[in-house]
Amino acid sequence: MKFKKIVILTGAGISAESGIQTFRGPKGLWQKYRLEDVATPEAFARQPDVVHAFYNQRRLELAKYRPNAAHYALAQLEREFPGEVLLVTQNVDDLHERAGSKNLLHMHGELLKVRCEACNKIFNHNGPVFSSTACPGCSQKGYLRPHIVWFGESPLFLEEIYAALKSCDLFVSIGTSGTVYPAAGFVLLAREAGAWCIELNLEPSAVAELFHEHYYGPATRVVPNFVKKLLALISD
Ligand code: OAD
């Protein structure tokens, strides 16, 4: 078996066939909403209830989506691969964990968590939040925000992710347009560290040329096929 440490990066494309809208492209979320209005700290300072309403809606909708074959295949890979598998997702949905993935980092935050800007604690939260909602920890009102990384903010777990990228021997990017940094630059770090880099996506991403190998098609087809091939190598 050639590989021992795998880092997998996922983006909105892996959840697209579960029904969750991606961000870019003609039907993307950023066609319907201006990200400057709902996904920046400035927008939250200016109009907290508009920003809360945007995430309340997305949190509410989450219950109707289910993990798809691609999410399940990655969970199976983590269970059956004899080496290490770290899953880093840009997605704020919970479909990877519902499919059974455990070694998972949500670098752009999570829809089902809120954070208090007064006491800095993070809480699991499944329901609407308003600017009048009191923090379950410190009871102060007006300080809860979605636990989401907004534009202009630093992604979460970067130290851990960079360490994993520097020591992995296989890097796989799935369902991401390769346009948002630092995630779009992970391939370069992994490649420079000597990892074999594979892109699985519907179409070539903006950084496609940095990968050694590519498989294009819907995630529910391409990801299970890829996992099957990788697991078959174990017995080689
Ligand atoms: P994008 O919407 O930018 O890109 C989605 C990618 O998935 C595109 O390359 C599509 O071609 C591909 N895709 C669509 N359907 C697919 C399918 N069925 N199977 C496989 N691939 C498919 O989403 P991200 O790259 O995840 O950040 O966006 C990165 C970040 O930008 C997000 O985390 C979000 C966003 O603004 C924040 O909110 C901080």
GNM result for the chain, Cα springs below 10 Å: residue of 132, 173, 18 fluctuating most strongly:
132
Greater than 29 Å separation of Cα atoms is the criterion. Which listed pairs, 102/166; 27/64; 166/228; 32/64; 2/64, meet it?
2/64
Run the 1.4 Å probe and let me know the accessible area of residue 10, rounded to the nearest 10 Å².
0
quick note, the chain, DSSP beta bridge pairs, % antiparallel (nearest 5) is 25
Regression test value, accessible area per residue of the range 197-236, probe 1.4 Å, units Å², expected 52
Contact order relative to length for the range 89-209, counting C-alpha pairs under 8 Å separated by 6 or more residues, stands in percent at 19
Please list, in order along the range 181-188, the HN-Hα scalar couplings obtained from phi with the Karplus expression 6.51 cos²θ - 1.76 cosθ + 1.60 (θ = phi - 60°), rounded to whole Hz, x for Gly and Pro.
9, x, 4, 5, x, 4, 4, 5
Sorted by accessible area (1.4 Å probe), largest first, how do 72, 181, 162 line up?
181, 72, 162
Would you mind telling me the share, in percent, of accessible area of the range 106-236 contributed by carbon and sulfur at probe 1.4 angstrom?
54
Could you tell me the center-to-center distance, by alpha carbons, between the range 1-78 and the range 111-179 in angstrom?
13
Residue-normalised 222 nm signal for the chain, counting each DSSP H run of n ≥ 4 as -39,500 (n - 2.57), nearest 500 deg cm²/dmol, is -9500 deg cm²/dmol
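The values are calculated or read from the model by the stated rules, or taken from the named source; none is laboratory data. It should be emphasised that the depicted structure is a prediction, and the values quoted were computed from it without experimental measurement. Note: areas computed on protein heavy atoms with side chains; ligands, DNA, RNA excluded. Shrake-Rupley method; radii C 1.70, N 1.55, O 1.52, S 1.80 Å.
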